[in-house]
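Engineer: Mind looking over this structure? Questions follow.
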Amino acid sequence: MKEDEDDSALNQFRSSLSQFSLSSPQKTELRRSPRKPVPVRTSPAKRPASDDDEAEEKKPKVSSRDKSRSPKKQKRFYAPPETYGHLRELQDHLKLDLDVIFCGINPGKKSAEIGHHFGNPSNHFWWCLHHSGFTDTQLPPHEDFNLPDRFSLGLTNLVDRPTSEQAELSRSEQLTNVPFFLAKIARYRPRFVCFVGLSIAKVVDTSLKVPLSPGTKSWGLRPYKMVHPSDSTFAETLFFAAPSTSGLVTQFQRPDKARIFGELRQLVEDMKAGTLSTTDMMVIQPHQIAKTPPKPERAGLDSLLSFASPTQTAGELYSFPIKAEGSSSDLFSSSSPFNAQQKDSGETGKMADEAIQLPLREGDS
């Protein structure tokens, strides 16, 4: 009996000691993290050397508050002619019966400084002209005078005076120049006129009071034409609107601009093939075209003579009377020595000299 009690006490003692025994932990599966392990560098990473590293390290941090105070490009507004009076106007590059005359809004500051059209390096005009197939090579701006003879292309502007931006021209100034621009087109009679800028087309549309339907595209062939006398090489001139080639215009990217130029080139080919119908187009009327020549002090002798020459079938379009100060007689009219039937070169030269010596109006100089 006593032996049983001793065994029971021993078992209890062993049981009490078992809670202090060491046991190996159960193995559990490790779950991998879906993220890739990030290597730990023992030394700082080396950066490739560059010329502006030092400047970058010394550049102070700009807070969001400072950024809000950073100067923004100021919006330009109308600038009177004297603002850019030190810049000269660009010469047109035109001749009769060209395939296309490209018309810009006015010369930019850079173009006026170098004396050539579309002279800013950021302008896409010359690139688009080449990549649309109008020229077989990309011409630099200083070869703009080659366009008429080499490629049957011409260059002019709606407004002659240079500015940095179109916003510095007044709306009335642009509208006032439309009849004179149309007189120039009536003189040179190209197959097409291309407005290099949709805003130019809008100005001309407004001046001509063109009824545009809501679905009319902002770019492409315009719904009006200029009809020429029957003895002209081309019966009519059509008008086409393209986006501005300025690098500031981002709504149309450079390939888009070249593609639209390419559509114009195809229209030129269609006109040559006689497959382009213009029967539904509005005809520009004689009263919408200027009947006075360019300002004498800014026009060469050839320009004055060309504007003064009337035609038998469209005398109202091409006869431009000028009255000398204090005189009621016309120097240029269908009854003057500039009439096509009176070609005395001596008298013609004398009359042109008198025209050039006309007193300037206020603000013309």
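Engineer: Quick one: in the range 162-181, of everything that is over 18 Å from Phe195 (Cβ atoms) and either basic (Lys, Arg) or part of a helix (DSSP H, G or I) (or both), which residue is farthest from the chain's Cα centre (by Cα)? Steps first, please.
Structural biologist: To start, the set of residues in the range 162-181 that are over 18 Å from Phe195 (Cβ atoms) comprises 162, 164, 168, 170, 172.
Within this subset, residues satisfying the condition of being either basic (Lys, Arg) or part of a helix (DSSP H, G or I) (or both) are 168, 172.
Details: Glu168: 15, Ser172: 20 Å.
Filtering first and then ranking leaves Ser172.
Engineer: Among the residues of the range 137-165, how many are touching a Pro at 6+ places or on another chain (Cβ under 6 Å), among the small types (Gly, Ala, Ser) and either on the phi > 0 side of the Ramachandran plot or at pLDDT below 95 (or both)?
Structural biologist: Of the residues in that region, 0 qualify.
Engineer: Here's another thing I want to ask about it. Restricting the first residue to the range 136-155 and requiring it to be within 12 Å of His93 (Cα to Cα), which pairs with a second residue that is surrounded by fewer than 16 Cβ atoms within 10 Å (Cβ to Cβ) meet a Cβ separation below 6 Å and a spacing of at least six or different chains?
Structural biologist: From residues that are within 12 Å of His93 (Cα to Cα), the pairs are Pro148/Lys95.
Engineer: Within 22 Å of the chain's Cα centre (by Cα), modelled with pLDDT under 90 and part of a loop (DSSP other than H, G, I, E, B) - does that describe any residue in the range 59-73? Steps first, please.
Structural biologist: Looking only at the range 59-73, we keep the residues that are within 22 Å of the chain's Cα centre (by Cα), and these are 73.
From the residues that got through so far, the ones that are modelled with pLDDT under 90 too are 73.
Pick out the ones that are also part of a loop (DSSP other than H, G, I, E, B) and you get 73.
Yes - at least one qualifying residue is present in the range 59-73.
Engineer: What is the one condition in (1) assigned to a strand (DSSP E or B); (2) within 24 Å of Phe151 (Cα to Cα) that Tyr224 does not satisfy?
Structural biologist: The number of the failed condition is (2).
Engineer: Consider the range 197-221. How many of its residues are in a loop (DSSP other than H, G, I, E, B) and of a type in the set (A, V, I, L, M)?
Structural biologist: Quick first cut of the range 197-221, residues in a loop (DSSP other than H, G, I, E, B) only: 197, 209-219.
Checking the rest, the ones that are also of a type in the set (A, V, I, L, M) come to 210, 212.
Count: 2.
Engineer: Does Phe102 qualify as being surrounded by 19 or more Cβ atoms within 10 Å (Cβ to Cβ), in a helix (DSSP H, G or I) and modelled with pLDDT of 95 or more? Step through it out loud before you land on a result.
Structural biologist: Details: surrounded by 19 or more Cβ atoms within 10 Å (Cβ to Cβ): yes; in a helix (DSSP H, G or I): no; modelled with pLDDT of 95 or more: yes.
For Phe102, the condition - surrounded by 19 or more Cβ atoms within 10 Å (Cβ to Cβ), in a helix (DSSP H, G or I) and modelled with pLDDT of 95 or more - is not met.
Engineer: Another question about this same structure. Identify, by number, the condition in (1) in contact (Cβ under 8 Å) with a residue 24 or more places away in the chain; (2) under 16 Å from the mean Cα position of the chain (by Cα) that Lys110 doesn't meet.
Structural biologist: Checking Lys110 against (1) in contact (Cβ under 8 Å) with a residue 24 or more places away in the chain; (2) under 16 Å from the mean Cα position of the chain (by Cα), the one that fails is (1).
The values are calculated or read from the model by the stated rules, or taken from the named source; none is laboratory data. Everything quoted here is computed from the prediction, not taken from an experiment. We place every Cβ from the backbone using ideal geometry, glycine too, and count neighbours over all the protein chains shown.
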